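Data block below; observations after.
The values are calculated or read from the model by the stated rules, or taken from the named source; none is laboratory data. This is a predicted model, so every value here is computed, not measured. Quick reminder, even Gly has a Cβ in these numbers, built from the backbone with ideal geometry, and neighbours come from all protein chains shown. Accessible surface is based on the protein model in full, side chains and every heavy atom, while ligands, DNA and RNA are left aside. Shrake-Rupley method; radii C 1.70, N 1.55, O 1.52, S 1.80 Å.
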Amino acid sequence: MSLTYTTNELMAVTASRRLTSNHTVFVGVGLPQIASRLAMATHAPGVKIMMELGVYKPEPMPGVGLADPRLWYRCEYFTGSIGTLGEMMQKGLVDIGFLGTLEVDRYGNLNSTQATTEVGTRHFTGSGGAGDIASLAQNVFVIMKHEKRKITEKVEFITSVGRYKGGASRVEKGLRPTGGVTVFSNLCVMETHAESGELEVRSIHPGVTAETVRENTGFDIFIPKDCPVTDEPTEEELLLLREKIDPEKMYIR
C-alpha cells in the first residue's frame, strides 16, 4: 500500500536513517530536531542530542525551537553555550552538526546570513552557533528546500564553511578536516565527494526525475546513471512524526 507523506516528512525520515546510536549530534532548529528525535524513537535509541543552549542528551517532548523546556525533558545535564560550543565542540566530540540554511554551494559552504533581493539585501539570523558547528563537527548534515537560487554555484555569504571556497582544503585554511557535507533536500540526497569536495547526488526521491534535479540546481551537478531512488517512509515512522514528535505539524507539514 502506497503511503501519502509530505516532502518535509520524507526529508526528516531520510536524514534520521543516517543516524546511529553511536552518534553525538548537534541539532539546529526545526527539521534537524525532528529527524534526530525520530532516530531516537526508532533504530537509534542511543543517539546523543546536543542543543546550542546547553542541553545534552534529552528525551524531548513535543515542543518548538531551542528554548522550549519541553525539549530539555530528562536531559542528562544542562550546561550552556560555552559547555556545548566551547568545550564539546572544541574537543571534537560531535560526530554530526545538523543544520538548516538559506543557501548551499557546490562545495558545501552554507549561507544563513543574507540574501540580495530586488528591493535590496535582506539579513537573516546569521550564524548563531552554525559557524562553530560546521567548523568543528566531524560531519555536517543539512536539510533545505531544493531551488536553483538555494543550491548554487557560490553562496552570497559563507556563514558556515563546507569544503571552503574554490574547493580548497579546510586544512589549508587552518580548520579541521571533515568527513563531508550531506544535503537532504525535497528532491534528492547530495553529498560532497571525498576528493573533489563537490556535491553529488546520492539518491533521488520517489516521483522526481534527474532532469528536475538538474533544472533546480544552480550548477552542473553529477548524477550517477543508475542513481538509486530514496526509500519511502514507513507507516511506523509517519505515525511517530504525526502523533508523538510533531503533532502540531510545526515542521512536518
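In this structure, Glu156 does satisfy being more than 25 Å from Lys91 (Cβ to Cβ) and open to solvent by 70 Å² or more (accessible area, probe 1.4 Å).
Residues are listed down the side, and each one gets a yes or a no for (1) in a loop (DSSP other than H, G, I, E, B); (2) under 25 Å from Asn8 (Cα atoms); (3) among the charged types (D, E, K, R); (4) more than 17 Å from the chain's Cα centre (by Cα):
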{"site": "Thr121", "(1), (2), (3), (4)": "no, no, no, yes"}
{"site": "Thr125", "(1), (2), (3), (4)": "yes, yes, no, no"}
{"site": "Ile133", "(1), (2), (3), (4)": "no, yes, no, no"}
{"site": "Glu172", "(1), (2), (3), (4)": "no, no, yes, yes"}
{"site": "Thr182", "(1), (2), (3), (4)": "no, yes, no, no"}
{"site": "Glu191", "(1), (2), (3), (4)": "no, yes, yes, no"}
{"site": "Pro206", "(1), (2), (3), (4)": "yes, yes, no, yes"}
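Given Gly65, Gly108, which one is outside any helix (DSSP H, G or I), touching a Lys or Arg at 6+ places or on another chain (Cβ under 6 Å), open to solvent by less than 20 Å² (accessible area, probe 1.4 Å) and small (Gly, Ala, Ser)? Quick ask: steps written out before the conclusion?
Details: Gly65 fails: touching a Lys or Arg at 6+ places or on another chain (Cβ under 6 Å).
The match here is Gly108.
There is at least one residue in segment 210-225 that is open to solvent by less than 50 Å² (accessible area, probe 1.4 Å) and over 20 Å from Met144 (Cβ atoms). Is it fair to say Gln90 is modelled with pLDDT of 90 or more and farther than 25 Å from Ala12 by Cβ? Taking the combined requirement at face value, the residue does not satisfy it. Can you tell me how many residues within segment 135-152 are open to solvent by 30 Å² or more (accessible area, probe 1.4 Å) and in a loop (DSSP other than H, G, I, E, B)? Residues that pass the stated criteria total 6.
Among residues that are basic (Lys, Arg), in contact with a Ser or Thr (Cβ under 7 Å, 6 or more places away or on another chain) and free of Cβ contacts under 8 Å to residues at least 60 places away in the same chain, Arg122 is not included. Evaluated against (1) under 19 Å from Leu3 (Cβ atoms); (2) in contact (Cβ under 8 Å) with a residue 24 or more places away in the chain; (3) in a helix (DSSP H, G or I), Arg253 falls short on exactly one condition, (3).
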